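Note sheet for the following structure.
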Amino acid sequence: MAQEEDEEDFTFNVEEVQNIVRDNIEFCLGGNIYSHSRTPQWISVITEKTLARLNKLNKPFKYIMRMTVTQKNGTGLHTAAAYFWDITTDGTCTVRWENKYMYCIVNIWALALQL
Amino acid sequence: MADEEEVADEGENVERVASAQSDVGLSPTQEKPLAPPKYEVRPGLGEKFQAQNIREIMLSTMQEQLVGRQYRADQAPRWAKSISNAVRQRVQDLDMKRYKILVQTTIIEMKGAGIKSGQRCIWDPETDEYVDDLYRNDTIFCYTIVYGIYMY
């Protein structure tokens with residue numbers, strides 16, 4: 001029915017987004033060592049590619065994507081978040097990825113446009 | 001007309017808002033009746049995102065929580081949670097109409113690790129904004145960012 005298709009279009013599909021993000025990270029960071037000079041470039045590439053693909057999904061959402069890359073050093077890192085939004089329509093997706101030299105944390109928030 | 005029926009249905013939807021209290025534990029979602037749609041696409045005068053006030057809120061909250069403290073791996077998650085909840089609560093008290101608020105707090109131990117962070121957004125740059133700030137002492141590095149997204 002037309003209405004079921006509409007409902008699928010309006011929800012935030014967490015798994016699909018996680019796969020998109022993981023593909024992009026693998027492609028860019030792969031087996032690289034943490035490099036102070038190249039990391040900003042990697043971050044730009046990954047965020048731009050991911051947002052372009054999210055945009056192509058053509059869903060009525062505004063997206064915010066934040067990415068952090070840390071050197072593996074034994075240092076502690078803790079993150080907490082609090083939201084004031086509509087929990088039926090808005091969603092969040094977090095992807096953690098690591099290799100031998102660095103950690104990568106990606107947060108994506110999708111906020112629904114009211115239609 | 002079909003259009004009018006859709007408008008009437010949206011007016012009866014209930015908005016579920018989840019807000020977590022840090023000292024009482026998670027409170028159940030509260031249902032508030034949603035206001036009828038007004039189709040305002042820009043915030044009015046005096047209703048814009050209050051970036052400067054939010055920056056002061058973030059800085060004072062981080063300082064209250066962290067001044068004089070040393071990094072401790074078992075307590076840092078609690079500090080991060082309470083800072084983000086407190087900032088979220090105080091930003092809500094500013095009562096900026098039709099703005100959705102996202103707060104994220106990151107606490108890092110100062111151990112010499114390199115760290116880089118970046119963000120991209122797809123949003124409406126005339127209405128949506130973010131404010132970020134950091135607090136540093138000898139062992140703790142705390143970064144808080146607040147996003148305000150206008151709801152049409």
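Every read-out reported here was derived from the displayed coordinates using simple, explicitly stated rules and does not represent laboratory data. As the structure is a computational prediction, the values presented were derived from the model and not from experiment. Virtual Cβ from ideal backbone geometry, glycine too; neighbours counted across all protein chains shown.
Ranking A:74, A:28, A:45 by how far each Cα lies toward the positive end of the dipole of chain A (charges on Cβ) leaves A:74 at the top. Principal axis extents of the Cα atoms in the stretch A:2-112, from largest to smallest and rounded to whole angstrom, are 50, 28, 18.
Working note: 222 nm ellipticity from helices only, DSSP H runs with n ≥ 4, each -39,500 (n - 2.57), summed and divided by the residues of chain A, gives -12000 deg cm²/dmol to the nearest 500. Structure remark: mean-square fluctuation, Gaussian network model of chain A, C-alpha springs under 10 Å; the largest value among A:15, A:26, A:98 belongs to A:15. For the stretch A:2-112, the Cβ-based charge dipole about the Cα centre amounts to some 940 debye (Lys, Arg positive; Asp, Glu negative; other atoms uncharged). Among A:13, A:24, A:58, the largest mean-square fluctuation in a Gaussian network model of chain A (Cα springs under 10 Å) belongs to A:58.
Checking the Cα-Cα distances for A:59/A:100; A:62/A:100; A:56/B:100; A:59/B:111; A:72/B:97 against a 32 Å cut-off, the pairs over it are A:59/A:100; A:62/A:100; A:59/B:111; A:72/B:97. A straight line joining the Cα centroids of the stretch B:94-116 and the stretch A:7-39 runs 21 Å.
How about the stretch A:12-115: which trypsin sites (Lys or Arg not before Pro) there are in a DSSP loop, with at most 15 other Cβ atoms within 10 Å of their Cβ? Could you put the intermediate results ahead of the total?
Values: sites: A:22, A:38, A:49, A:53, A:56, A:62, A:66, A:72, A:96, A:100; in loops: A:38, A:72, A:100.
Passing sites in the stretch A:12-115 are A:38, A:72, A:100.
Given axes a ≥ b ≥ c from the Cα gyration tensor, I'd like to know whether the protein assembly as shown is rounded (a/c under 1.5), prolate (a/b larger than b/c) or oblate. In terms of gyration-tensor shape, oblate. For the stretch B:110-116, putting each phi into the Karplus relation 6.51 cos²θ - 1.76 cosθ + 1.60 with θ = phi - 60° gives couplings of 7, 10, x, 6, x, 8, 10 Hz, in residue order, rounded to whole numbers and with x for Gly and Pro. Springs between Cα atoms under 10 Å define the GNM used for chain A, and in it the highest mean-square fluctuation of A:12, A:27, A:61 occurs at A:27.
Values of log10 I(q)/I(0) for the stretch A:59-115 across q = 0.14, 0.28, 0.29 Å⁻¹ run -0.50, -1.19, -1.24, by the Debye formula with one identical scatterer at each alpha carbon and no solvent. Computed from Cα atoms, the angle from the helix A:39-56 axis to the main principal axis of chain A rounds to 20 degrees.
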